[in-house]
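**Student:** Sharing a structure here in structure tokens format.
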Amino acid sequence: MSVLLDMMTDTAWVPFWTAIVAAAGILQALFLIVNAILVWRYLGETKELRKATQKQVDKSQSLVETAQNQLILGREELVAIRAQVAASQAQAQTAQDGIEGQIRPALITNYTDTFQLSNIGSGPALHIRFSKVDRGSGVMWDADPFPMQILSIYAKGQAGTNIRLRTSPHAPGASVLDGMSLQCTYRSLSGHTHATVVDLDERGNAEDTRFYVRPR
């Protein structure tokens, strides 16, 4: 320890210690330079990373916007397709209604001792069935039918029935309305089911005749 103190106090060693201090300064300067280079490179890499990240974010946003635009276009195309389908269905329904109007049957009644049917429509009435329903009511598609049926009545044609207003000893097997309304159901050539409901007075005259088409 005393030797080191002698070296530090002896003027002969001054050049040595001066060199040591200079070398330490150079090493510190080199350390600072290396540290500065490392910091600069770190900052440069961070900057590049930030740029790459920003590019990725921009690309992702662009992809999202593209997907959103495609979704909007897809929805618009779907709306357009639905509109076209609705228009086509409306046109088909109009055409079908036009055809149905050309072949639609329509039955009315006339009463003497039994009911007579007349087809005043433009097409034949097929598979005609009869039933009784409450007076003033609408059509009852599931009403219990009378035994009698008629296969068909052509347009402007007529047919008789055994249906009576009330029970008669002269026709014990006839179907009787007993104060109720007469309902006739029948089909057109297109397959639509139609119905006529007739309210009658005491003599069998039609007071009100209503026509129906069964929804499909």
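**Student:** Please pick out the residue among GLY123, GLY179 that is at positive phi and not charged (D, E, K, R).
**Tutor:** When all the criteria are applied, what remains is GLY179.
**Student:** Let me ask another. In this structure, is GLY173 assigned to a loop (DSSP other than H, G, I, E, B) and touching a residue at least 12 places away in the same chain (Cβ under 8 Å)?
**Tutor:** Criteria not met by GLY173.
**Student:** Does GLY157 fit the bill of being within 15 Å of PHE130 (Cβ to Cβ) and either touching an Asp or Glu at 6+ places or on another chain (Cβ under 6 Å) or of a type in the set (Gly, Ala, Ser) (or both)?
**Tutor:** No, not satisfied.
**Student:** On the basis of being of a type in the set (D, E, K, R), surrounded by 12 or more Cβ atoms within 10 Å (Cβ to Cβ) and within 17 Å of LEU126 (Cα to Cα), does ARG164 make the cut?
**Tutor:** In short, no.
**Student:** Mind checking which residues of the stretch 176-216 are within 26 Å of GLY123 (Cβ to Cβ), in a loop (DSSP other than H, G, I, E, B) and touching a residue at least 60 places away in the same chain (Cβ under 8 Å)?
**Tutor:** Within the stretch 176-216, SER188, LEU189, SER190, HIS192, ARG214 meet the criteria.
Here's the yes/no breakdown for (1) part of a helix (DSSP H, G or I); (2) among the aromatic types (Phe, Trp, Tyr); (3) modelled with pLDDT under 80:
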{"residue": "GLN68", "(1), (2), (3)": "yes, no, no"}
{"residue": "ILE72", "(1), (2), (3)": "yes, no, no"}
{"residue": "ARG75", "(1), (2), (3)": "yes, no, no"}
{"residue": "ARG82", "(1), (2), (3)": "yes, no, no"}
{"residue": "VAL85", "(1), (2), (3)": "yes, no, yes"}
{"residue": "ALA90", "(1), (2), (3)": "yes, no, yes"}
{"residue": "THR94", "(1), (2), (3)": "yes, no, yes"}
{"residue": "GLY101", "(1), (2), (3)": "yes, no, yes"}
{"residue": "THR109", "(1), (2), (3)": "no, no, no"}
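The values are calculated or read from the model by the stated rules, or taken from the named source; none is laboratory data. The structure displayed is predicted, hence computed values, not measured ones. All Cβ positions, glycine included, derive from the backbone under ideal geometry; neighbour counts span all protein chains shown.
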